[in-house]
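Colleague: Structure incoming, see below.
Each value in this text was obtained by applying a stated rule to the coordinates, not by laboratory testing. The shown structure was predicted, so the numbers you read here are calculated from the model rather than taken from an experiment. Cβ sites come from the backbone with ideal geometry, for glycine too, and all protein chains shown count toward neighbours.
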Amino acid sequence: MPRLPEDSAHGGSESFKVPPAASLVKGGDASFKAGSLTESFEGTDVERETSREFQGKESFRSDVGAGTWLHAGYHLATTIATPAAYAYLPFAFAGLSWGPGLVALLIGIATTWYASVLLASLHEWNGVRYLRYSDLAASISGPWAGRAVIFFQQIASLGNNVTLGIVAGISMKALNRSFDPDSTMTLQQWIVIFGCIQLVLCQFPSIHDLRVLNLACTICTCGFAATATALSIYSGCNRPAGDPPVSYDVVGSTSGIVFGVFSSLGTVAFAFGDTVLPEIQATLKAPVKRNMHRAVAMCYSIISASYLIVTITGYWAFGNAVKPYLPASFGGPTWANRLVEFFALIQIAGCYQIYVRPTLEAVELKTMDTTQPLTSRRNLLTRFVISTIYVAVVTLIGCALPFFGDFLALCGAIGFTPLDFCLPMLLYNTAFKGAVGRLRRWAHTAGAYFFALVGVVAAIGAVRWIIVDSVNFNLFADL
């Protein structure tokens, strides 16, 4: 875990005299006046402007300082460990094979765990409690960094939730067919039903208000991992007579293999997607940094165990014949297959909500009346309209282009790689440049540029497969 300087001054130079953010607003007081609270702030114009912007927004948040580290732990676990991500990892191994696949997975676990600790450690780095990843980045590296975070967050939000809607539709369709084999309901109909459920959940005011759902999601993550592992072992040990032996060779033309490797790296990046850690950290009670470090440790303990066991057993059982969405490959008892789909569906419902929050908030801050509570009639109506438009767009894309695996890889490459692998290291170097050793600084910089390169090649691979699949499938194909 990174060791932080005791006194976090910007660049090790100027001091910042800002009242602790947790004391600025209590209970979402709508009468909060930002300007009067920033008079004692010392720093550059950009830092002062960012601080004022932050303080003006804080009055609109009702969940600041409300949660425990356990709450944050299962918010994080819900965000990252979704079956839509790690149920796809055995298929990523099919494009990488055992050795490179395991290396990529272990590097992903270690790097994002470390980067999450770095990002959590930037809390109140200059005396101000930033509630959003974009505000934190802008305070350290300037407005361009804040705008970049917003851009990548929106890509991640859109791509992730399109993927989740498709996977939820697949799970709901599979559950329905297991009870009614003659059902004529299409994948698109189930995606629309899932979208309607999400529209209802979007009306909950904040991440903290979803803590019960996200606790259930974390339990379902563990349940999915255990059930999927058992079904993989069952399938691997009970292969039908006459089936060819399991092959772990990477197959295809040279160009296909190369692009497959690129796309698989994007899939691995997607599996560790978390673009909202500062937003989750904003819900924590003091001591915030210590509690967030505990939450990260809890989350990654679940992730490490789940990802490794599901990926290894899934790839062992099916080899390069594994289907993109692992449960589609399973044999075994009907009740167990129903259970794994049920666990996936509940977990996906919570994950969708975590990722929709930055998009909703970005629009709401420009359209809502921030002098009124979030629960006022005007603001409730505004949220309903905004969330309806968002859910409709995401649902329409998912219905039209249901080959979700390619979007998963593209979303991982463009949305998650910069925010999870690269930016935390660069921000940490800048914020604590007087306290970070030269070797560690170089390692952070080299790591950030290396993963940026990986993101570029992964995006190329994902785009190539999207083009290929768009030729093979019709719009609104009932897969």
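Colleague: Mind putting a number on the dipole of the stretch 285-385 about its Cα centre? Charges go on the C-beta only, +1 for Lys and Arg and -1 for Asp and Glu, and I need it in Debye to the nearest 20.
Modeller: Taking the Cα centre of the stretch 285-385 as origin, the dipole is about 360 debye.
Colleague: Restricting to lysine pairs 8 or more places apart or on different chains, what number in the chain have Cα atoms under 24 Å apart?
Modeller: 18
Colleague: While we're on this one: Highest mean first, how do 193-205, 333-345 rank when packing is the count of other Cβ atoms within 10 Å averaged over residues?
Modeller: 333-345, 193-205
Colleague: To continue, here is another question. Computed over the Cα atoms, what is the radius of gyration of the stretch 204-298 divided by 2.2 N^0.38 Å, N being its residue count?
Modeller: That works out to 1.65 for the stretch 204-298.
Colleague: Could you work out how much longer the chain between Ala328 and Leu70 gets when fully extended? Use 0.36 nm per residue separation minus the Cα distance between them, nm to one decimal.
Modeller: 89.6 nm
Colleague: Taking every pair of distinct Cα atoms and averaging 1/r, then inverting, what Kirkwood hydrodynamic radius in Å comes out for the chain?
Modeller: Its Kirkwood hydrodynamic radius stands at 22.9 Å.
Colleague: Let me ask something else. Computed over the Cα atoms of the stretch 369-479, what is the ratio Rg over Rh, Rh following Kirkwood?
Modeller: Using only Cα positions, Rg/Rh for the stretch 369-479 is 1.18.
Colleague: Treat the stretch 94-152 as a sphere of radius equal to its Kirkwood radius over Cα pairs and apply Stokes-Einstein at 20 °C in a medium of 1.002 mPa s; give the translational diffusion coefficient in µm²/s, rounded to a whole number.
Modeller: 159 µm²/s
Colleague: At a temperature of 37 °C and a viscosity of 0.692 mPa s, determine how fast the stretch 211-369 diffuses translationally according to Stokes-Einstein, using the Kirkwood radius over alpha-carbon pairs as Rh; express D in µm²/s, rounded to the nearest whole number.
Modeller: 178 µm²/s
Colleague: Ratio of the stretch 79-126's C-alpha Rg to 2.2 N^0.38 Å, to two decimals?
Modeller: Normalised Rg, Cα atoms only: 1.49.
Colleague: Mind computing the radius of gyration and Dmax over the alpha-carbon atoms of the stretch 61-208? Å is fine for both.
Modeller: In Å, with Rg to one decimal and Dmax whole: 19.3, 62.
Colleague: So how strong a dipole does the chain carry about its Cα centre when Lys and Arg Cβ are +1 and Asp and Glu Cβ are -1, to the nearest 20 debye?
Modeller: 520 debye
Colleague: If you don't mind, another one. In the stretch 89-209, with Lys and Arg counted as +1 and Asp and Glu as -1 at Cβ, which of these residues, His208, Ser116, Pro143, has the Cα nearest the positive end of the dipole, that is, farthest along it?
Modeller: Selected residue: Pro143.
Colleague: Roughly how many whole Å is it from the C-alpha centroid of the stretch 323-363 to that of the stretch 238-277?
Modeller: 20 Å
Colleague: Can you give me the orientation-averaged projected area of the convex hull built on the Cα atoms of the stretch 294-450, in nm²?
Modeller: 14.8 nm²
Colleague: If you wrap a convex hull around the C-alpha atoms of the stretch 171-210 and split its volume per residue, what is the figure in Å³?
Modeller: Each residue corresponds to 73 Å³ of Cα convex hull volume.
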